[in-house]
Amino acid sequence: MKKSNLYKKGYLWITLILFLFSLCLHWLFGWYAFENEQLAHHQPIIASEYVTEMMRDTMENWQSEFLQLIWQVAGLAFLLYVGSPQSKEGDERKEEKLDYIIKKLNPEEYEGLMKEWDKKYPRK
C-alpha cells in the first residue's frame, strides 16, 4: 500500500500550518496593539510604520527562538552525519561485535541467521 505525500510528510504539513497560523495571529494582534497605541497618542495610523515595526518584532522573535532551534536541530543532525562520537559509526561497531558473538555462540546457524536478518533489515 503506497502512502500519499500528504501522509508521508504529515509532520511537515502540520508544522507549516501551525507556523502560518501563529504568524498570522502575531500580525493580527500586533495590528490591534499598534492601532490602540497610535490612537492613545493621537497619531495617525500608517500601515508602513506597522509593517516596519512588525517585521522588526518578527525578526527579533526568530533570532531568539527559531534560529536557535534550527541550529540545535540542523547542527546536531549535521554533526551526527559527519561522524561525531554519537554517530552511526558507534552502531556499526556494536553490530560487528554482535555478529562476532553470534558467530561464536552458534556457528552452524550463523550464515542462515545473517541472510535472514539482512533480508528483514537491509543494510544501507
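Dividing the convex hull volume of the alpha-carbon atoms in the range 1-55 by its residue count gives 68 Å³ per residue. For the chain, excluding the exposed loop sites themselves (GluC sites (Glu not before Pro), DSSP loop, at most 16 other Cβ atoms within 10 Å), the longest remaining stretch covers 1-107.
Here Phe29 sits with roughly 120 square angstrom of accessible surface, probe radius 1.4 Å.
Largest accessible area first, the listed residues Met59, Met114 line up as Met59, Met114 when surface is computed with a 1.4 Å probe on the assembled protein chains.
For Lys3, Lys115, write out the residues from largest to smallest accessible area, computed with a 1.4 angstrom probe and no ligands counted.
On the way: Lys3 105, Lys115 140 Å².
Correct descending sequence by accessible area is Lys115, Lys3.
Across the range 32-55, the residues whose backbone nitrogen lies under 11 Å from the label position 7 Å along the beta-carbon direction of His26 are 54-55.
Coordinate range of the alpha-carbon atoms in the chain per principal axis, descending: 90, 38, 17 Å.
The angle between the Cα long axis of helix 47-61 and the longest principal axis of the Cα atoms of the chain comes to about 30 degrees, rounded to the nearest 10.
The values are calculated or read from the model by the stated rules, or taken from the named source; none is laboratory data. None of these values were measured; they are calculated from a predicted model. Please note: Cβ atoms are built from the backbone with ideal geometry, for glycine as well, and neighbour counts cover all protein chains shown. Ligands, DNA and RNA are stripped out before the accessible areas are found, and what is left, the full protein with its side chains, is counted by its heavy atoms. Shrake-Rupley method; radii C 1.70, N 1.55, O 1.52, S 1.80 Å.
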